[in-house]
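All of the numbers you see were taken from the coordinates with simple rules; none came from a lab. Only a predicted model underlies this, so the values are computations on that prediction, with no experimental measurement involved. Cβ atoms come from the backbone with ideal geometry, glycine included; neighbour counts cover every protein chain shown.
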Amino acid sequence: MSWLRLDGVTRRFGGKDALSDLSLGIGKGEFIALLGPSGCGKSTALNCLAGLLPLSGGSIWQDDKRIDTLPPERRGFGMVFQSYALFPHLSVRRNIAFGLQMRRLPRAEVRRRTDEAIRLVRLDEHATKLPGQLSGGQQQRVAIARAIVLEPSLVLMDEPLSNLDAKLRLEMRTEIRRLHQSLGLTTVYVTHDQEEALSMADRLVVLRDGRVQQIGTPEELHTRPANRHVADFMGYRNLLPMRVASVSREVVTVEGAGMALRGTAVGEMFPGDEVVAGIRPEDLRAGADGIPATVEVVEYQGRELAVEARTEQGVVLHLRAAERPSPGDKISVVADPARVLVFGGGK
Ligand SMILES: Nc1ncnc2c1ncn2[C@@H]1O[C@H](COP(=O)(O)OP(=O)(O)O)[C@@H](O)[C@H]1O
Ligand SMILES: [Mg+2]
């Protein structure tokens, strides 16, 4: 049984759905990521959960108690935003202690819990500084400490790392996941970065135009995206419009633009259907008897090379190579049929 349950949560702005019919169960201790491009309804969903936005439809339940009618402060959730929103004239310690003081807790308890939170986010040496004297990453840590010091039953985070540079983002990812685990938090985390979501979350909710596309574990979304939009988000860079030639159970052969491919059908499809074949760059290689193509761009990417090649009919393919080809080289491109997904449906 889910500890928290969203049931058909819908939010409209001026007659247009920003979030449609979101149903989701969240277990105690889970780390859920809401993932999707800008404007897909992630913040709307989070703000509905927090109580900052009233629902246009649906309901939210916690342990069989309806909570979507409660004001934010009675839900007891903690929030961390993209902008840190710290008090500039208060020290790190006083920023973190503020919420506890507002609750009129005994002074000794405020001190103990504030110390503990400062230690958890590793700001011991900076406790007396003002926010303006801290780096972006340190300020974000203060914002996180300020939320977790209240021991919220649920922590809501809205793109908390998007103002940080790449290296710090990676460090803070690990940091947030560590806090989530060691404090036994339940977390809902909003991001448009699929790598961030895949690396941090137990389950992901992929949104597009306010609608859920798929809910699943990182592995499920990675290996079995439900449609071409999720595939696009999950790194299936080759999304090739094709036509079904034949189907036998899940194995489908597709043709188009001078290419023929075999793959796995996602959903029902019939010969003649317009479909999209999805392949990750790492599942396309140079090999014998494949699709003839000419190398156009070669990019160094650590252990491997990312290659862009164009077929005779002008289709651009993204693949990987172990050895460096040169622009202009003629190659033949082969796909692993076990890794080709064929998506039906016009959506
Ligand atoms: N206060 C508002 N008034 C009108 N439209 C809004 C408001 N907040 C969000 N929207 C619209 O709702 C949609 C979803 O927005 P949002 O939830 O902020 O997306 P995301 O966080 O995924 O980028 C967008 O089309 C946005 O323009
Ligand atoms: Mg947002």
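The trypsin sites (Lys or Arg not before Pro) of region 183-266 that DSSP puts in a loop, and whose beta carbon has at most 12 other beta carbons within 10 Å, are 249. Distance from the Cα centroid of region 1-77 to that of region 178-231 is 16 Å (rounded to whole angstrom). Note on region 173-273: Cα Rg divided by 2.2 N^0.38 Å, N the number of residues, gives 1.37. The phi torsions of region 109-121, fed into the Karplus equation with coefficients 6.51, -1.76 and 1.60 and a -60° offset, translate into couplings of 6, 4, 5, 4, 6, 5, 4, 4, 5, 4, 5, 4, 8 Hz, rounded to whole numbers, with Gly and Pro shown as x. Amide H contacts of residue 341 (H built 1.01 Å from N, in plane; Pro and chain starts excluded): 264, 278 sit under 5 Å, all sequence-distant by 5 or more or on other chains. Between amide H atoms placed 1.01 Å from N, distances below 5 Å from residue 57 occur with 10, all of them 5 or more places distant or on a separate chain. Each residue of region 184-197 was assigned a 3J(HN,Hα) from its phi angle through the Karplus expression (A = 6.51, B = -1.76, C = 1.60, θ = phi - 60°), giving x, 6, 10, 10, 10, 10, 9, 7, 9, 9, 5, 5, 4, 4 Hz with x at Gly and Pro. Rounded to the nearest 0.05, the FRET efficiency derived from the C-beta distance between residue 109 and residue 199 at R0 = 51 Å is 0.90. Seen from residue 150, the other residues with C-beta closer than 11 Å to its C-beta sum to a net charge of +1, counting Lys and Arg as +1 and Asp and Glu as -1.
Per residue, the chain reaches -7500 deg cm²/dmol at 222 nm when only DSSP H runs of four or more residues are counted, each adding -39500 (n - 2.57). Take every DSSP beta bridge whose two residues both sit in the chain; close to 75 percent of them are antiparallel. Around the amide H of residue 333, modelled in the peptide plane, lie the amide H atoms of 287, 290, 291, 293, all under 5 Å away and 5 or more residues distant in sequence or on another chain. On full extension, the segment bounded by residue 74 and residue 177 gains 34.5 nm, given 0.36 nm per residue less the C-alpha separation. Here the label points at residue 219 and residue 260, each 7 Å from Cα along the C-beta direction, are separated by 3.6 nm in the simple model.
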